[in-house]
Ligand code: XIL
């Protein structure tokens, strides 16, 4: 049997992970050994988001991003840039901009400066992130509100010019679900019809062991690739915890309260859930293998369970188990299951 995820899947697609600051700075030896052994693609979990890399007008923090890119190059990894245009984790000054011209200047300078700095070193950019609502319409944001729907095309054109070699992706969550998928397909078709370069779509893949819908995922892989673009799974994780949105009828404060019912596996994950997680990952990777010709990359949103954002979202201070490596950085049953498919 093959010894690592990246070698097991090397003929199929890249296997990636999101890196936090501690990984980029190599502060945790065991984690860094694991990252280099298992993964051949990396995404910066936060440090290239505009709030962090561009905190004030004309001020950029390139320190960590430079180290991130060096880390990828040194270790021969596929380096993802995440993300250029997103309504969230924006520097506060952007939300206060009044005129369309000034928003356009911000977006233009941001893309030119960030994508330009790493031109030739970033393999793919998530150019626009989460531009859609659940019903497939365009999400309100400072970009849509001030620039109109053309901002998406403008962003892709700026990115293509700043870094002609990077693969350019549209990235979003829940776009495997039919209504939102339809919106994503329209968005991509419009770009293509206007001659704008788009190379791929990133399906984030923040899913749940309970509600995983393989049919929607398979339909999406097929429909997106029929547009002539690659499909990447860019932020894969599987929550094992109850979903606050399922508590219908309860008021919002109650739904999102830090309560024992919403954090049932505080001390340990029962074997039955460990097995359910392994089975769901098996189902997902079987599907990915079936469509390996259409899929460019599968990236996990974090290295191991202690590093996952799902310990803090959408309810703070929970203990979640969404990844293939546990809190001690040891492989879980789900890891073996994914390897055993090869
Ligand atoms: C998340 C990070 O994991 C968290 O650390 C941060 O606090 C919020 O953002 N969609 C995306 C990612 O595109 O950038 C988000 O990452 C998760 C959802």
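The values are calculated or read from the model by the stated rules, or taken from the named source; none is laboratory data. Treat the numbers as computed from the prediction; the structure is a model and nothing was measured. Reconstructed Cβ throughout: ideal geometry from the backbone, glycine too, with neighbour counts over all protein chains shown.
Apart from one condition, residue 139 fits all of (1) buried (at least 21 other Cβ atoms within 10 Å of the Cβ); (2) within 16 Å of the ligand (Cβ to nearest atom); the exception is (1). Within this structure, residue 215 passes the test of being without any contact (Cβ under 8 Å) to a residue 60 or more places away in the chain and surrounded by fewer than 17 Cβ atoms within 10 Å (Cβ to Cβ).
Would you mind stating whether residue 232 is crowded, with 17+ Cβ neighbours inside 10 Å, more than 30 Å from residue 334 (Cα to Cα) and either within 18 Å of the chain's Cα centre (by Cα) or more than 14 Å from the ligand (Cβ to nearest atom) (or both)?
Details: crowded, with 17+ Cβ neighbours inside 10 Å: yes; more than 30 Å from residue 334 (Cα to Cα): no; either within 18 Å of the chain's Cα centre (by Cα) or more than 14 Å from the ligand (Cβ to nearest atom) (or both): yes.
It is false that residue 232 is crowded, with 17+ Cβ neighbours inside 10 Å, more than 30 Å from residue 334 (Cα to Cα) and either within 18 Å of the chain's Cα centre (by Cα) or more than 14 Å from the ligand (Cβ to nearest atom) (or both).
The set of residues in segment 207-222 being assigned to a loop (DSSP other than H, G, I, E, B) and modelled with pLDDT of 95 or more consists of 209, 210, 212, 213. Quick check: anything in segment 98-117 part of a loop (DSSP other than H, G, I, E, B) and buried (at least 17 other Cβ atoms within 10 Å of the Cβ)? No - not one qualifying residue is present in segment 98-117.
Just to verify a result, which residue in segment 235-256, among those that are in a loop (DSSP other than H, G, I, E, B) and closer than 15 Å to residue 208 by Cα, is farthest from the ligand (Cβ to nearest atom)? Let's see the steps before the verdict.
Of all residues in segment 235-256, those in a loop (DSSP other than H, G, I, E, B) come to 240-243, 247-251, 256.
From what is left, the residues that are closer than 15 Å to residue 208 by Cα are 240-243.
Details: 240: 17, 241: 16, 242: 19, 243: 15 Å.
It comes out as 242.
Scanning segment 85-121 for residues that are within 16 Å of the ligand (Cβ to nearest atom) and under 16 Å from residue 165 (Cα atoms) yields one hit, 114. Right, residue 204: within 15 Å of the ligand (Cβ to nearest atom) and either within 27 Å of residue 50 (Cβ to Cβ) or touching a residue at least 24 places away in the same chain (Cβ under 8 Å) (or both) or not? In short, yes.
Selection within segment 291-327: residues that are away from the ligand (no atom under 15 Å from the Cβ) and without any contact (Cβ under 8 Å) to a residue 24 or more places away in the chain. The member of this set that is surrounded by the fewest Cβ atoms within 10 Å (Cβ to Cβ) is 293. Please verify whether segment 312-321 includes one or more residues that are more than 19 Å from residue 203 (Cβ to Cβ), within 17 Å of the chain's Cα centre (by Cα), outside any helix (DSSP H, G or I) and at pLDDT below 95. Yes, there is a match, as at least one residue in segment 312-321 is more than 19 Å from residue 203 (Cβ to Cβ), within 17 Å of the chain's Cα centre (by Cα), outside any helix (DSSP H, G or I) and at pLDDT below 95. For segment 186-193, check the following and say yes or no: at least one residue is buried (at least 19 other Cβ atoms within 10 Å of the Cβ) and out of contact with any helix residue (DSSP H, G or I) (no Cβ under 7 Å at 6 or more places or on another chain). So far as segment 186-193 goes, yes, one or more of its residues are buried (at least 19 other Cβ atoms within 10 Å of the Cβ) and out of contact with any helix residue (DSSP H, G or I) (no Cβ under 7 Å at 6 or more places or on another chain).
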